[in-house]
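*Asks:* Mind having a look at this structure? Questions to follow.
The values are calculated or read from the model by the stated rules, or taken from the named source; none is laboratory data. Model, not experiment: these values are computed from the prediction. Every residue, glycine as well, gets a Cβ built from its backbone with ideal geometry; the counts of neighbours run over all protein chains shown.
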Amino acid sequence: MITTNLFESSAAKKLSAQKGIFSVVEYERDLSVEPEMAQIAYFASKMDVRKRQLIAQLQDDIGVISQKGRMQLMLGDIQAQTDVRNVGRLIKNIVGSSVTGETAIKPLYTGDGILVLEPSFRYVILEDLKEWQSGMVIEDGMFLACYDSVEIKVEARKTISSAALGGEGLFNTRLIGEGIVALESPVPRSELIEVTLDDDVIKIDGNMAIAWSSDLAFTVERTTPTLVGSVASGEGLVNTYRGSGKVLIAPVLKNKGIPSPSNKK
């Protein structure tokens with residue numbers, strides 16, 4: 001039998017989020033820094049720059065797929081294997097990783113115990129795919145972990161305009177199925193702008209959407225009917241999402257892709 005204080009709040013840490021088998025531990029103060037770094041760490045924590053760690057309480061009927069190289073601890077009867085079941089799947093993963101930046105092979109953890117991933121300065125947000133209908137498309141590099149019931153696919157742009165001018169890349173990672181997914185976000189969930197569309201449209205000036213429902217049609221369009229009008233308005237082209245679903249939007253463009261103060265995970 002194993003007992004642990006992982007889920008206990010202390011002077012240094014607290015549980016900041018929980019959904020399904022996933023919990024997020026947030027280190028409110030970094031008490032293990034060197035003396036010369038104490039001042040920097042103090043003011044960093046005041047600006048919410050803190051280490052966060054994902055914990056999964058594995059059950060016999062729920063396994064977890066995580067990003068490669070992120071495991072820190074396995075407590076209990078947990079088995080680790082790859083998520084590749086055949087050569088065809090491996091080739092698809094390699095091709096997908098080459099265009100999305102995700103790792104080709106992700107470890108699959110099953111059994112009964114506690115899985116602890118390494119801490120990161122990014123914000124960890126938990127999303128239930130039930131709330132995303134046909135699944136969600138995410139920005140490259142955001143995937144951290146998910147239930148093993150979730151399928152990870154590569155989504156290609158459906159229009160030339162979105163592929164060439166959208167700033168979101170030619171391909172993105174798509175998560176479909178049932179279960180909870182854990183994402184590493186450049187901004188906290190509380191700052192993200194959430195928009196739900198019901199057969200409607202949203203236009204965004206720049207690639208500030210970090211996740212959106214895969215059923216939404218994504219195109220790049222002019223802000224006005226004419227090219228001259230778009231130039232005169234100073235807005236030019238906008239990323240446009242049409243249909244029914246959700247979009248998560250970063251409040252400012254410069255926040256995207258900043259994993260930590262030192263630009264490292």
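*Asks:* So which residues in the stretch 115-149 are of a type in the set (V, I, T) and surrounded by fewer than 21 Cβ atoms within 10 Å (Cβ to Cβ)?
*Replies:* Once the filter is applied, which keeps residues that are of a type in the set (V, I, T) and surrounded by fewer than 21 Cβ atoms within 10 Å (Cβ to Cβ), the stretch 115-149 yields only V116.
*Asks:* Moving to a separate point now. Report yes if I2 is in contact with a strand residue (DSSP E or B) (Cβ under 9 Å, 6 or more places away or on another chain) and buried (at least 18 other Cβ atoms within 10 Å of the Cβ), otherwise no.
*Replies:* no
*Asks:* Please name all residue pairs, on different chains or six or more residues apart, with Cβ atoms under 6 Å, provided the first residue is in the stretch 111-136 and is under 13 Å from A211 (Cβ atoms) and the second residue is of a type in the set (K, R) and assigned to a strand (DSSP E or B).
*Replies:* As it stands, the answer is L126/K19; G135/R174, since those pairs meet every condition given.
*Asks:* Would you be able to say whether some residue in the stretch 220-243 is within 26 Å of K130 (Cβ to Cβ), modelled with pLDDT of 85 or more and basic (K, R)?
*Replies:* Scanning the stretch 220-243, I find at least one residue that is within 26 Å of K130 (Cβ to Cβ), modelled with pLDDT of 85 or more and basic (K, R), so the answer is yes.
*Asks:* A further question follows. Given (1) surrounded by fewer than 16 Cβ atoms within 10 Å (Cβ to Cβ); (2) more than 19 Å from Q133 (Cβ to Cβ); (3) modelled with pLDDT of 90 or more, identify the lone condition not met by A182.
*Replies:* (1)
*Asks:* Does at least one position in the stretch 14-27 carry a residue that is over 26 Å from D77 (Cβ atoms), free of Cβ contacts under 8 Å to residues at least 24 places away in the same chain and touching a strand residue (DSSP E or B) at 6+ places or on another chain (Cβ under 7 Å)?
*Replies:* Among the residues of the stretch 14-27, at least one is over 26 Å from D77 (Cβ atoms), free of Cβ contacts under 8 Å to residues at least 24 places away in the same chain and touching a strand residue (DSSP E or B) at 6+ places or on another chain (Cβ under 7 Å), which makes the answer yes.
*Asks:* Next question. Based on what the data block shows, is E155 in a strand (DSSP E or B) and modelled with pLDDT under 85?
*Replies:* Here the answer is yes, as E155 does meet what is asked.
*Asks:* Looking only at the stretch 7-34, which residues are aliphatic (A, V, I, L, M) and either touching a helix residue (DSSP H, G or I) at 6+ places or on another chain (Cβ under 6 Å) or modelled with pLDDT of 90 or more (or both)?
*Replies:* Matches in the stretch 7-34: L15, A17, I21, V24, V25, V33.
*Asks:* Right, here's the next one. Hey, which of the strands (runs of 3 or more DSSP E) in the stretch 168-225, taking only ones fully inside, have at least 3 residues that are among the β-branched types (V, I, T) and more than 30 Å from D61 (Cβ to Cβ)?
*Replies:* 193-204
*Asks:* Taking F7, is it under 20 Å from Q72 (Cβ atoms), among the aromatic types (F, W, Y) and over 20 Å from the mean Cα position of the chain (by Cα)?
*Replies:* yes
*Asks:* While we're on this one: Under 30 Å from E151 (Cβ atoms) and free of Cβ contacts under 8 Å to residues at least 40 places away in the same chain - does that describe any residue in the stretch 36-54?
*Replies:* No, there is no match, as no residue in the stretch 36-54 is under 30 Å from E151 (Cβ atoms) and free of Cβ contacts under 8 Å to residues at least 40 places away in the same chain.
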